[in-house]
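Trainee: Please see the structure below; I have some questions.
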Amino acid sequence: MALSRDKQILIGVVALAGLGGLVYRQVNVDAQKGTTAAVSADLPTISASDDVDKLSITNGDKPEVVLEKKGDKWVVTKPVNAPANQQNVKSVLDNLKELKAKEVIATDVTDDLKKSYELEPAKAMHVVAYKGADKKADDWFGKSGGRGEMMMVEGKPTIYAATGYSSYVYNRDVKGWRDTEILKFDDANATQVTIENKSGTLSFTKGDKWAGTFKGKTIERFDEEKLKDALRTFHALNADDFGDGKAASETGLDAPEGTVTVLLKDNAGKYVLRVGKTQSGTSRYAQKEGDETVFVIGSHAAELATADASKFQRAADAGAKAASPPSMQMPPGMQMPPGMQMPPGHGGME
C-alpha cells in the first residue's frame with residue numbers, strides 16, 4: 001500500500017534527524033581526536049646545544065636524572081653527583097633539535113586517553129630542557145606507532161604525533177648517564193708497570209723490549225706479549241658499575257688486594273689503580289689515585305691486578321723429544337738367529 005505524502009515527509013524528517021545526530025556525534029569525536037593538521041609551530045625548538053645548560057629526564061616511575069653544564073663539561077647532579085658521559089648528553093641535545101610535531105592526534109585529552117597512549121607519568125618519558133631558569137622544552141613521550149611518536153607538550157591539552165624522537169638516547173639508567181672512564185693513556189708510551197698483591201711484586205721495565213721480575217728475580221719464560229695485552233686492558237679501562245655509598249671496609253679499598261701502577265715515558269703521567277674485594281662474580285671494586293669514586297671493574301682487569309708471575313709466562317716446553325732407545329748392537333762374533341731382523345734405526349749386522 002502506498003504511503004501518503006505526509007507520511008513520506010515525516011519519515012524523511014526522522015531520517016534526516018538521525019543522520020544529523022550521527023554527524024553531530026562524529027564532529028564531537030573529531031573535536032576530541034583532532035585532525036591531521038601540521039602543528040610544528042606548537043613544538044618548542046632548540047636551535048643549538050649551547051642554548052641548553054640543564055636537562056631533567058624522568059623515565060616513567062624511575063628516578064629523575066638531572067644533568068647540568070658546569071663550565072664546558074656536563075655533570076650528573078641528581079640522583080648522584082658525578083661526571084657525566086659527555087657523548088650521551090650530546091646525543092640528547094642533538095635529538096631535541098630534530099623533534100617536530102606533524103599532526104594532532106587528540107584534543108581535550110582525558111586521563112583515559114593519556115593512558116591508552118602511554119602518556120601518563122608512570123609510563124611516559126618526561127624531558128625538560130633549560131637555559132638558566134627558562135624552559136626551552138618540556139615534553140612527554142609515550143607510545144610509538146605508524147603515525148609517529150605520541151607526545152604532549154606540558155601545558156597543552158593535545159596529543160601530537162611527532163617525528164625525530166630517538167627513544168634510546170633518553171632511555172638510560174643512572175649508570176648510563178655517568179662517565180665510566182677510569183684510566184686512559186697511550187699504552188705505547190708506558191715504560192714501567194708494577195703489580196703488587198699478596199703473591200708478591202711484579203715489576204716490568206721497557207728497554208728495547210719489556211723485561212719482567214717477580215720478587216726481584218727475573219721471570220722465567222717471560223712473555224712480553226702478555227704484558228702488552230695487560231697494558232691494552234688498562235690503557236682504556238671503563239667501569240662496569242659503581243659502588244656509591246659503600247664504606248672502604250665493604251669494598252676492601254682500605255687494604256687493596258692488588259695495586260697496578262703505570263708510568264709513562266718522560267714523566268708524562270703516572271696512573272695508579274687499587275683493586276679491592278669482589279663485588280659480584282669475578283668483578284671487583286676499584287679506585288684510581290686522586291679520585292674518590294668507587295668503580296666496579298670487570299673480571300679481566302681484576303684478574304691482572306691480583307695475578308702472579310704465571311700470568312706473564314709462556315707455557316712450559318713440552319719437553320725434549322722422547323729419547324730413542326739405545327742402539328741394539330750385536331756383540332762381536334755373535335750372529336742373529338735365522339729369520340730375525342733388527343728394527344729400523346737400531347743398527348745391526350750388515
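Trainee: Kindly indicate whether T213 is in contact (Cβ under 8 Å) with a residue 24 or more places away in the chain, outside any loop (DSSP other than H, G, I, E, B), surrounded by 14 or more Cβ atoms within 10 Å (Cβ to Cβ) and out of contact with any helix residue (DSSP H, G or I) (no Cβ under 8 Å at 6 or more places or on another chain).
Mentor: no
Trainee: Moving on to the next point. Looking only at the stretch 279-301, filter to residues that are of a type outside the set (A, V, I, L, M, F, W, C) and surrounded by 16 or more Cβ atoms within 10 Å (Cβ to Cβ); which one of those is nearest to the chain's Cα centre (by Cα)?
Mentor: Applying the filter and picking the extreme gives G298.
Trainee: Another question, then. Can you pull out the residues in the stretch 72-82 that are farther than 16 Å from D173 by Cβ and either modelled with pLDDT of 95 or more or in a strand (DSSP E or B) (or both)?
Mentor: Selection gives K73, W74, V75, T77, N81.
Trainee: Scan the stretch 122-145 for residues that are over 30 Å from D50 (Cβ atoms) and either at pLDDT below 95 or among the hydroxyl-bearing types (S, T, Y) (or both) and report the count.
Mentor: Qualifying residue count for the region: 1.
Trainee: Yes or no: the stretch 179-193 includes at least one residue that is touching a residue at least 24 places away in the same chain (Cβ under 8 Å) and farther than 30 Å from F312 by Cβ.
Mentor: yes
Trainee: Let me ask another. Of all the helices (runs of 4 or more DSSP H) wholly in the stretch 83-188, which have at least 2 residues that are more than 17 Å from the chain's Cα centre (by Cα)?
Mentor: In the stretch 83-188, the matching helices (runs of 4 or more DSSP H) lie at 86-96, 111-116.
The values are calculated or read from the model by the stated rules, or taken from the named source; none is laboratory data. Computed from a predicted model, the values in this text were never measured in an experiment. Glycine also receives a Cβ, built like all others from the backbone with ideal geometry; neighbour counts cover every protein chain displayed.
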